[in-house]
1. Between a first residue in segment 35-61 that is assigned to a helix (DSSP H, G or I) and a second residue that is of a type in the set (A, V, I, L, M) and surrounded by 10 or more Cβ atoms within 10 Å (Cβ to Cβ), which pairs have beta carbons less than 8 Å apart while being 6 or more apart in sequence or on different chains?
2. Report, by residue number, each residue of segment 37-60 that is among the small types (Gly, Ala, Ser) and either surrounded by 10 or more Cβ atoms within 10 Å (Cβ to Cβ) or in contact with a helix residue (DSSP H, G or I) (Cβ under 9 Å, 6 or more places away or on another chain) (or both).
3. I'd like to verify a number: residues in segment 20-34 that are in a helix (DSSP H, G or I) and either surrounded by 12 or more Cβ atoms within 10 Å (Cβ to Cβ) or in contact with a Leu (Cβ under 9 Å, 6 or more places away or on another chain) (or both), how many?
4. So is Glu17 part of a helix (DSSP H, G or I), exposed (fewer than 10 other Cβ atoms within 10 Å of the Cβ), over 15 Å from the mean Cα position of the chain (by Cα) and of a type in the set (Asp, Glu) or not?
Amino acid sequence: MSTQPVGATAARKNWSETLTAAESTPISITRQGNRPDLVLVRADLWEELLEAYEDADDIAAAEAAEGDLIPWDDVKRDLGLA
């Protein structure tokens, strides 16, 4: 996913236009040259990206714990169910 770079000063001076542009394309706010410091995205896109990140993190944790299975009888005993 590419972003449209906008200088911090220009973004501040033209805030309304910056917000309108971010509705269709993520905007990278740059300071001190071309290094992006912030990215402005629609809220629904942010939620989608966050969910994808959390899913990937959960998958990695599950794969890392794959060999650490606890027998069901031990779980029941620890919970006082057996």
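Bear in mind these aren't lab numbers, they're just calculated from the coordinates by the rules spelled out. Predicted model only: the values in this text are computed from it and were never measured. Cβ: placed from backbone, ideal geometry, glycine included. Neighbour counts: every protein chain shown.
1. Leu49/Val41
2. At the first step, the residues of segment 37-60 found to be among the small types (Gly, Ala, Ser) are 43, 52, 56, 60.
Answer for segment 37-60, where residues must be among the small types (Gly, Ala, Ser) and either surrounded by 10 or more Cβ atoms within 10 Å (Cβ to Cβ) or in contact with a helix residue (DSSP H, G or I) (Cβ under 9 Å, 6 or more places away or on another chain) (or both): Ala52, Ala56, Ala60.
3. Residues of segment 20-34 in a helix (DSSP H, G or I): 20-22.
Now restrict to residues that are either surrounded by 12 or more Cβ atoms within 10 Å (Cβ to Cβ) or in contact with a Leu (Cβ under 9 Å, 6 or more places away or on another chain) (or both): 21-22.
Residues flagged as in a helix (DSSP H, G or I) and either surrounded by 12 or more Cβ atoms within 10 Å (Cβ to Cβ) or in contact with a Leu (Cβ under 9 Å, 6 or more places away or on another chain) (or both) within segment 20-34 amount to 2.
4. Values: part of a helix (DSSP H, G or I): yes; exposed (fewer than 10 other Cβ atoms within 10 Å of the Cβ): no; over 15 Å from the mean Cα position of the chain (by Cα): yes; of a type in the set (Asp, Glu): yes.
Here the answer is no, as Glu17 does not meet what is asked.
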